[in-house]
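The values are calculated or read from the model by the stated rules, or taken from the named source; none is laboratory data. Being a predicted model, the structure only gives us computed values, none of them experimental. Every residue, glycine as well, gets a Cβ built from its backbone with ideal geometry; the counts of neighbours run over all protein chains shown.
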Amino acid sequence: KRIFAFSIRKDEEPYVKEWAKSHPEIEVGYTDELLSPKTAKYAEGADGVVVYQQLSYTAETLQALADQGITKMSLRNVGVDNVDLAKAKELGFEITNVPVYSPNAIAEHAAIQTARILRQTKVLDEKIENGDLRWAPTIGREVRDQTVGVIGTGHIGRVYMQIMEGFGAKVIAFDPYENAELKAKGYYVNTLDELYAQADVISLHVPATKENTHMINSSSIAKMKDDVVLVNCSRGALVDTDAVIKALDKGKVAGFVMDTYEDEVGIFNADWRNKTFPDKRLEDLIHRSNVLVTPHTAFYTTHAVRNMVLKAFDNNCELIHGKPADTPVKID
Ligand code: NAD
Ligand code: COI
């Protein structure tokens, strides 16, 4: 049997080799190129493919794989919002993802950035680099004085809650599917509006579904406390960026952490040095002292990357042997 992997980065290569070494019965091939209608042919003769990319898995791309008889696809990441699932269903694809490769990677990043915003470290760093070593007016807010509202108490949201509690914050949460343990401990508020009314920091840990698109918008922001800090290490589509910019300008929102951005595809994870930066709105956000932009790197740790590669190959191995994979993606 043969598995072919697309867009393998240098930092993933050792883990691909580690997996191949422990599975000598499987022929493993890979490329650093993204899967597209043009590159699909590299997988010729493979029984399954292992992929990760923010570029869409379009109908045309899926068709190019299916034309070669390949319908078993294992994603190395969580999100499947860039897969044309209707086409995948039509072509009889079986898809797996890696839903839990390291919730800590993302939760820890979100927590670090939350604390940095509250202590104004970006402003301090800029001042210090410019020789201004005065304290005022760069005064911080202590995490323990904040009520932190967590939207989505799945794998990542729960770890974020623990870390913020470790800092001493009061943590409240909202999730339509409540976790029994958290419920028993009294973390949940009944509605998002209650969370908006009480939270000093709001962190999003929900998927980008149709219902959740732009859940943070001018009317939800209007329900929030003054000087609220917004944290989005989840998906760009959850936030109406223009609404947040207006609220930052008015001073209603005191800080914005964004590891994800609604127009990030083609911009994040690219080198714009010596080139014209392609997005004026993002450029403006990057240069604001109360906005922390990271280019979708919350997940990017050695722990997470190793798990993503090993688990995706394990999944694909199950699929190509006709066995049920641990973490199938529901296609309906
Ligand atoms: P999960 O499936 O374990 O948890 C998601 C939770 O969100 C579920 O409990 C669900 O009931 C809840 N939810 C859905 N809609 C909601 C709403 N409107 N209000 C409140 N709760 C709602 O997922 P996870 O592993 O915790 O990941 C969360 C998200 O993080 C993913 O969907 C993905 O978009 C994002 N993510 C980002 C990175 C990154 O590098 N920045 C990496 C991995 C995942
Ligand atoms: C996911 O796993 O869904 C992510 O958001 C991280 C991705 C950039 C690998």
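Residue count for segment 230-266 under the criterion of being over 26 Å from residue 138 (Cα atoms) and basic (Lys, Arg): the result is 1. The set of residues in segment 225-253 that are away from ligand 2 (no atom under 16 Å from the Cβ), under 19 Å from residue 115 (Cβ atoms) and either in contact (Cβ under 8 Å) with a residue 60 or more places away in the chain or assigned to a loop (DSSP other than H, G, I, E, B) (or both) comprises 225, 227, 229. For the structure I just gave you, tell me whether residue 163 is buried (at least 17 other Cβ atoms within 10 Å of the Cβ), under 18 Å from residue 106 (Cα atoms) and more than 11 Å from ligand 1 (Cβ to nearest atom). So residue 163 passes the test. If you go through segment 135-185 and pick out every residue that is part of a loop (DSSP other than H, G, I, E, B) and on the phi < 0 side of the Ramachandran plot, you end up with 19. All of 88, 66 fail the test of being more than 23 Å from the chain's Cα centre (by Cα), among the small types (Gly, Ala, Ser) and surrounded by 16 or more Cβ atoms within 10 Å (Cβ to Cβ), apart from 66. Quick one: would you say residue 105 is within 16 Å of ligand 2 (Cβ to nearest atom), assigned to a helix (DSSP H, G or I) and closer than 30 Å to residue 80 by Cβ? It is true that residue 105 is within 16 Å of ligand 2 (Cβ to nearest atom), assigned to a helix (DSSP H, G or I) and closer than 30 Å to residue 80 by Cβ.
For every residue, the table says whether it meets (1) within 30 Å of residue 49 (Cβ to Cβ); (2) modelled with pLDDT of 95 or more; (3) in contact with a Leu (Cβ under 9 Å, 6 or more places away or on another chain); (4) charged (D, E, K, R).
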residue: 273; (1), (2), (3), (4): no, yes, no, yes
residue: 276; (1), (2), (3), (4): no, yes, no, no
residue: 282; (1), (2), (3), (4): no, yes, no, no
residue: 289; (1), (2), (3), (4): no, yes, no, no
residue: 295; (1), (2), (3), (4): yes, yes, no, no
residue: 300; (1), (2), (3), (4): yes, yes, no, no
residue: 303; (1), (2), (3), (4): yes, yes, no, no
residue: 314; (1), (2), (3), (4): yes, yes, no, yes
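Within segment 277-332, the set of residues being in a loop (DSSP other than H, G, I, E, B), of a type in the set (A, V, I, L, M, F, W, C) and either over 25 Å from residue 112 (Cβ atoms) or more than 18 Å from the chain's Cα centre (by Cα) (or both) comprises 277, 325, 329, 331. For residue 39, state whether it is crowded, with 22+ Cβ neighbours inside 10 Å, out of contact with any His (no Cβ under 7 Å at 6 or more places or on another chain) and modelled with pLDDT of 95 or more. No. Residues being modelled with pLDDT of 95 or more, over 13 Å from residue 331 (Cβ atoms) and part of a loop (DSSP other than H, G, I, E, B) are represented in segment 75-84 by at least one member. Here segment 83-125 is the region considered, the condition is being free of Cβ contacts under 8 Å to residues at least 40 places away in the same chain and charged (D, E, K, R), and the residue that is nearest to ligand 1 (Cβ to nearest atom) is 84. Quick check on segment 303-310. Is at least one of its residues touching an Asp or Glu at 6+ places or on another chain (Cβ under 8 Å) and away from ligand 2 (no atom under 15 Å from the Cβ)? No, the conditions are met nowhere in segment 303-310.
In the set (1) touching a helix residue (DSSP H, G or I) at 6+ places or on another chain (Cβ under 7 Å); (2) part of a helix (DSSP H, G or I), residue 37 fails one condition alone, (2). Which ones in segment 230-259 are more than 15 Å from ligand 1 (Cβ to nearest atom), surrounded by 24 or more Cβ atoms within 10 Å (Cβ to Cβ) and small (Gly, Ala, Ser)? Correct list: 255 only.
Is it fair to say residue 311 is in contact (Cβ under 8 Å) with a residue 24 or more places away in the chain, within 14 Å of ligand 1 (Cβ to nearest atom) and either surrounded by fewer than 15 Cβ atoms within 10 Å (Cβ to Cβ) or charged (D, E, K, R) (or both)? It is true that residue 311 is in contact (Cβ under 8 Å) with a residue 24 or more places away in the chain, within 14 Å of ligand 1 (Cβ to nearest atom) and either surrounded by fewer than 15 Cβ atoms within 10 Å (Cβ to Cβ) or charged (D, E, K, R) (or both). Residue under question is residue 146, and the condition is that it be at pLDDT 95 or above, away from ligand 1 (no atom under 11 Å from the Cβ), surrounded by 18 or more Cβ atoms within 10 Å (Cβ to Cβ) and farther than 30 Å from residue 178 by Cα; does it hold? No, not satisfied.
More than 16 Å from ligand 2 (Cβ to nearest atom) and of a type in the set (Val, Ile, Thr): which single residue out of 156, 151 fits that description? Quick ask: steps written out before the conclusion?
Values: 156 fails: more than 16 Å from ligand 2 (Cβ to nearest atom).
After ruling out the rest, the residue left standing is 151.
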